[in-house]
1. Specify which residue in the list THR184, ALA200, LEU218 is farthest towards the positive end of the charge dipole of the range 170-227, using unit charges on the beta carbon of Lys, Arg (+1) and Asp, Glu (-1), about the Cα centre.
2. Can you compute the FRET efficiency between ALA68 and ALA350 using 1/(1 + (r/R0)^6), with r the Cβ-Cβ distance and R0 = 41 Å? Round to the nearest 0.05.
3. For PHE159, what residues show an amide H to amide H distance below 5 Å, using hydrogens built from the backbone and excluding near sequence neighbours?
4. Using the charge dipole of the range 31-189 (Lys, Arg: +1 at Cβ; Asp, Glu: -1 at Cβ; taken about the Cα centre), state which of ALA65, ILE126, VAL146 has its Cα farthest towards the positive end.
5. For ILE367 and GLU188, compute 0.36 nm times the residue count separating them, minus their Cα-Cα distance, and round to one decimal in nm.
6. Given charges of +1 on the Cβ of Lys and Arg and -1 on the Cβ of Asp and Glu, with all other atoms neutral, how large is the dipole of the range 42-169 about its Cα centre, in debye to the nearest 20?
7. Rounding to the nearest 20 debye, state how big the charge dipole of the chain is about its Cα centre with +1 on each Lys and Arg Cβ and -1 on each Asp and Glu Cβ.
8. Pull up the cross-link candidates among the aspartates and glutamates for LYS224, meaning alpha carbon to alpha carbon under 17 Å and not fewer than 8 places away within one chain.
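The values are calculated or read from the model by the stated rules, or taken from the named source; none is laboratory data. A quick note: this is a predicted structure, and the numbers were derived from the prediction, not measured. Cβ: placed from backbone, ideal geometry, glycine included. Neighbour counts: every protein chain shown. Keep in mind that these areas ignore ligands, DNA and RNA; they rest on the heavy atoms of the full protein, side chains included. Shrake-Rupley method; radii C 1.70, N 1.55, O 1.52, S 1.80 Å.
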Amino acid sequence: MDVFRIEGPVRLSGTVTVNGSKNASLPIMAAAVLAPGKSVLKGAPRLSDISVFSQLLTDIGCKVAREANGNISIDSTAIGKPVGEYDIVRKMRAGICILGPLLARCGKAQVSMPGGCAIGYRPVDIHLRGLRELGAEINLENGYIVADAARGLQGNEIFLGGPFGSTVLGTANVMMAATLAKGTTVIESAACEPEVADLANCLNKMGAKITGIGSPRLVIEGVKQLRPFEYQVIPDRIEAGTFMVAAAITKGCLHINNCRLQDLMAVVDKLRHIGVTVEAEKSGPLRREASEAGCIVTCSGRVRSTDITTQPYPGFPTDLQAQFMALLALADGNSIIIEKIFPDRFMHVAELSRMAADLRKEGSAVIVSGVDKLIAAPVMASDLRASAALVLAGLAAQGTTIINRVYHIDRGYEKIEERLNPVGAKITRESA
Ligand code: EPZ
């Protein structure tokens, strides 16, 4: 039960490097189940969610290891038990995306329904609808999804849209299952997130036949078998976005390495709109590969207010909503933030208000009236991105902020204090 002690206000200045994407790594790790043999994932961050997913794979029979060079090897030669246990899936909802690969590989699977979540109601009905349309028989027993496709899966035309638009892990689950189905599958209203595209690129490297990658219409021609992958995951755009806000909220200047601006256009557009400078850093002679490209984020004064509505990609990401609320709490003027993906994703509102932010919640919108300063206070982390917002607020607040339940942050940011302290933050991790 570590806590963070954060001294503020500070001004960040220097270079930070973005890690590989958590939300791309998790479904790619699941994809290893599709091909018997040893797959290797490069660049996966050292996060508790990655460890829990490794546990899930080990539990079904895979041999998973973090190599000395940081790569994760997953040997899926023997899948002894196609079961995603409650004790693991309840810790991490992404465990659900083992369902499609197990069904395609083993013709059957049992995966625990993911439980409740701090960011709101998160059903998996669309996942199940998609897999049923591939011919799977699916029942719920004792809190488990019991899926059967003894005669194999059959390609089909599937509409995967839901009440809030596309589903990221739902698309991943159905797309992975369809790679080994008989015939062709068309997924309409597929999620277009860069993490879904990264998974599709990895599957094609394994021998799958997927076209329309990055668009809402995916076409998957089923194949008889796939081969293990060796794959480098994309940079984490949400971590990159969080660092951009860190530069802005501290009126600082950060060089952010390993950041793909093309994955963050909606975010960069908002930052520039409120007066923050975001410049692409050319991949000069010093920079060997595009992946080493980055950007420079500079903010010299008080940001302007703006309105934000979260949307499926390429719209403004819900996973940066809380961080921007912390930033706009210090803006000159009133902003309105509307959460269209997870309407109840506002656990950070009460905690930021404890730091003297002026916030008024109206349904799935928050009116943010900019204040001159935030004031440090003891606050409680509740979920991954809400906690990141509290760290950012602590960097700008007057005094010492104490953040409890830091384990929420460790789920998505690898040792964030060791990344931010070298560029001017004063964050101490203490065990409570
Ligand atoms: C992924 O979750 C991410 N998680 C989330 O990031 C992210 O917030 C979310 O996509 C949206 O971008 C991972 O990739 C591991 P969805 P996912 O299915 O796939 C509704 C983080 O902070 N829905 O795209 O679970 C759902 O309730 C995490 O890193 C259904 O109604 O999200 C939501 O309102 C948090 N039925 C909307 O769709 C379904 O069967 C979008 O959810 C599935 C989803």
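1. THR184
2. The formula returns an efficiency of 0.40 here.
3. Correct list: GLU188.
4. Positive-end residue among those listed: ALA65.
5. Between ILE367 and GLU188, full extension yields 61.0 nm more.
6. Dipole about the Cα centre, nearest 20: 260 debye.
7. 440 debye
8. none
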